[in-house]
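Participant: One structure is given below, represented as structure tokens, and several questions about it will come after.
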Amino acid sequence: MRLMGKMALLGTAVAALASVAVPVAAQSGRDPLEGRVDRLEREMRAVQRKVFPGGAGQTVEPQITAPQQQPGAPGIPATSAVADLNARVSAVESQLTSMTGQIEQTQYRLRQLEESFNAYKRSTDARLKALEAGAAPAEEEPPVTGTRPAPVRPAVGGPAAPVPAVAVERPRSDDPAEDGYVYGYRLWQAKQYDKAIPELRAVVQKYPKHRRASYSQNLLGRALLDSGKPALAATAFFESYQKMPNGERAPDSLYYLAQSLVKMKKPASEVCKVYDELSQVYGDRLSDAMKKDVAAGRTASKCK
């Protein structure tokens, strides 16, 4: 009897060990799945750090989450650990797939925006180059003579018919200094000097460090000279040379300063001094056309 009691007790212990071995085996089987979950969660955090480098709690919530488990009846065990992990893995994989698609769409839109901006920049640069080559006051322009177009011949006995004003379009871009200069040039080209003068003066005052400041100051003097104000024009040309000696239109300003002095009927000696200054300071920067104009001016003023 004592032996049989020991055998029964041993059988009970073996059964208890067998019942414990099942959860232990199940627990040991969670390691690969746990590693899979950890790897996916690390990848998800890396993707979120790439999308939101600033942090500040900005995250993308999963569109598919693990289903809510209904509480079971008392006495009934909850879902197994393997089922919970499978739900987590499915949610993380769905979220990662959704975010990957969103990133690819964002990158595609960014490429489209870059291509559109580059095309716009190329077309804008081409228009500006064409404007400077064919319209901007460059070195190959003939010198200002101060003459104005003859007015429209009036009817017999009637008042003089004014020259109709041409509508001038103001350019619109992200460079206000460029827009101001181009608009002032168009007004000057249309012989609307009273409107061109304040526009060009405003560019110089607001954007003195912009490359168009030299252009605007020189063109301001030309507008004053063309409108019959040689004294004011001479002041504008002198300020262009004095304040912006390295500007792209500084040589032109010296040349037109001499022209203004001629219009003011100043002594030839003063005119010749300006030509001398121009040749000494900017001799190597003068174009062939400008050199010819300077030579003609010196001959006209009988400079030695």
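Participant: Among Met264, Met244, Met44, which comes first, second and so on when ranked by fewest other beta-carbon atoms within 10 Å? Before the final figure, lay out the partial values.
Facilitator: Working: Met264 13, Met244 21, Met44 18.
Ascending Cβ contact count within 10 Å gives the list Met264, Met44, Met244.
Participant: Using the basic label-point model (7 angstrom from Cα toward the beta carbon), what is the Phe238 to Ala268 distance in nanometres?
Facilitator: If labels sit at Phe238 and Ala268, their model points lie 2.3 nm apart.
Participant: Calculate one ³J(HN,Hα) per residue across segment 203-219 by plugging θ = phi - 60° into the Karplus curve 6.51 cos²θ - 1.76 cosθ + 1.60, and present them in order as whole Hz with x for glycine and proline.
Facilitator: Running phi through 6.51 cos²θ - 1.76 cosθ + 1.60 with θ = phi - 60° gives 4, 5, 6, 7, 10, x, 9, 6, 5, 7, 5, 5, 4, 5, 5, 5, 5 Hz.
Participant: Counting C-alpha atoms alone, how compact is segment 176-300: give Rg to one decimal and Dmax as a whole number, in angstrom.
Facilitator: Expressed in Å, the Cα Rg and Dmax of segment 176-300 come to 14.0, 42.
Participant: Just rank Arg298, Arg211, fewest to most, by other beta-carbon atoms within 10 angstrom.
Facilitator: Details: Arg298 19, Arg211 14.
Going from sparsest to densest Cβ surroundings: Arg211, Arg298.
Read the figures in this text as sums done on the coordinates, not as results from a lab. Predicted, not measured: the structure shown is a model, and the values here were computed from it. Positions of Cβ are generated from backbone atoms using ideal geometry, with glycine treated the same way; all protein chains shown enter the neighbour counts.
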